[in-house]
1. For Glu75, state whether it is assigned by TED's automatic domain parsing to the domain that holds Tyr136, out of contact with any strand residue (DSSP E or B) (no Cβ under 7 Å at 6 or more places or on another chain) and closer than 22 Å to Met146 by Cα.
2. Restricting to segment 106-120, name every residue that is closer than 19 Å to Asn95 by Cα and either within 8 Å of the ligand (Cβ to nearest atom) or not assigned by TED's automatic domain parsing to the domain that holds Leu22 (or both).
3. Only one of Ala58, Ala64, Ala70 is among the small types (Gly, Ala, Ser), surrounded by fewer than 17 Cβ atoms within 10 Å (Cβ to Cβ), in the same structural domain as Pro157 (by TED's automatic domain parsing) and farther than 30 Å from Arg359 by Cβ. Can you tell me which?
4. Which members of segment 121-148 meet the condition of being in contact with a Cys (Cβ under 8 Å, 6 or more places away or on another chain) and within 13 Å of the ligand (Cβ to nearest atom)?
5. What number of residues in segment 20-42 are in contact with a helix residue (DSSP H, G or I) (Cβ under 9 Å, 6 or more places away or on another chain) and either of a type outside the set (A, V, I, L, M, F, W, C) or farther than 15 Å from Asp150 by Cα (or both)?
6. Regarding segment 40-59, can at least one residue be identified that is in a helix (DSSP H, G or I), in contact with a Lys or Arg (Cβ under 7 Å, 6 or more places away or on another chain) and within 16 Å of the ligand (Cβ to nearest atom)?
7. Based on what the data block shows, is Ala151 closer than 30 Å to Phe278 by Cα and within 16 Å of the ligand (Cβ to nearest atom)?
8. Could you please let me know if Ser73 is touching a Pro at 6+ places or on another chain (Cβ under 6 Å) and modelled with pLDDT of 95 or more?
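The values are calculated or read from the model by the stated rules, or taken from the named source; none is laboratory data. From a predicted model like this one, the values you see are computed outputs, not experimental measurements. Note that each Cβ is placed from the backbone with ideal geometry, even for glycine, and that neighbours are counted across all protein chains shown.
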Amino acid sequence: MNFHVLTLFPDMIEQGLHTSILGKAMEKGCITLETTNIRDFSANKYNRVDDYPYGGGAGMVMEAEPVYRACKSVEAGIGRPARTVYLTPQGRVLNQAIVEELAMEEDLILLCGHYEGIDERVLEEVVTDYISIGDYVLTGGELGAMVLIDAVSRFVPGVLSNEESSQFESLQDNLLEYPHYTRPEEWHGKKVPPVLLSGDHRKIEAWRHEQSVKRTKERRPDLLKNAVTVTCAFYALEESWRELIRQTTEEMTRYGNLLDVGRKKIRKQHNTFGSGDFLLFAVPSILPTDSPVSAQEDFFQSFRGHNTPAALIYYGNPTEAEPQDSTLRMPADRLITSLQNQGFRILDTCQNPESSRERRLFLLRLREKIYQGIRKETATDA
Ligand code: 9D3
């Protein structure tokens, strides 16, 4: 990923980002950083880039032309138009969803303002996104650009170690992290919670989840309204699909449940879900006729929702092979209708999300739709 920063203070950006994890990522070439000094594009022999505001008022305004030239110069270097983010207190407030969306780009141009701001006319021509990093006042956009670069870089392959990047993001579940402990076992008379020394991984997971919920209730109750419990109900013919399903679920949530509907026991239990749940249904698009149940919708007969958000993933490519005598294809719309009749709100469907990019796009889209539904619900409640 290539970051191109337009600023009057390139040193600030360079010095701030060439250390630690991002410094290493740049050495490795996972990310590149190019800073462009807007002053180098001044149209004025004194290298001036700002002027008094029309209409009067305090402070100075950055002129349109130097910003425009700097921007065009960077675009020429990239060779195609790129998303151009203006860091401004008047933008959308940055959050993890925006960060992940920006991480899908190959190039990002970040425009930092100073003084009172930039002439509106050039913003209209070059800016695609207006982003703020929070509701407080900074002296300029540079720290905003650095915050954004740091957060986005974490999603670039190779920036984090494998272990770190496969690790779940606490914000993904809209829950805060559980507390962490390391040696010694006792410090200032405080003991490490015994469950963490038990070696029982299921118990540890359950304790951590409980702590996360408790913490979120205490410290960030506003997050909880967006928290859903993810369950993936799947039928996998092949081990590779099972792996894909496990991975997809893991990318969505830390505390997900996996229900293998290929197992009779699962189909026999009461699988009832509420509006605080999210159901991911994953099935092969073509079934052999000798599969344990004859049709895809039969797999999910035991599933009931109460306006429960859900999505469908199909595995296998139905356009590639027409069903043979020994195989059976369930039309997608019949499965969807049947799930809808069972109380599920189908938000999206996806065929074969094999690349991590495809999966990320699907999950981003999904997350947005889940929250839209929640917002609508709370709006009608009020
Ligand atoms: C003090 C001047 N303010 C109006 C009288 C307007 C103002 C202009 C420029 C306030 C701050 C800034 C500089 N800030 C940024 O460029 C900025 C920013 C921020 O201040 N808060 C949160 N996110 C961002 S991103 C860029």
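1. yes
2. Cys112, the sole residue that qualifies.
3. After applying the criteria, what remains is Ala58.
4. Residues satisfying the conditions are Gly140, Gly141, Glu142, Gly144, Ala145.
5. Selection size over segment 20-42: 11.
6. Scanning segment 40-59 turns up no residue that is in a helix (DSSP H, G or I), in contact with a Lys or Arg (Cβ under 7 Å, 6 or more places away or on another chain) and within 16 Å of the ligand (Cβ to nearest atom).
7. Yes; evaluated as a whole, the condition is true for this residue.
8. So Ser73 does not fit the description; no.
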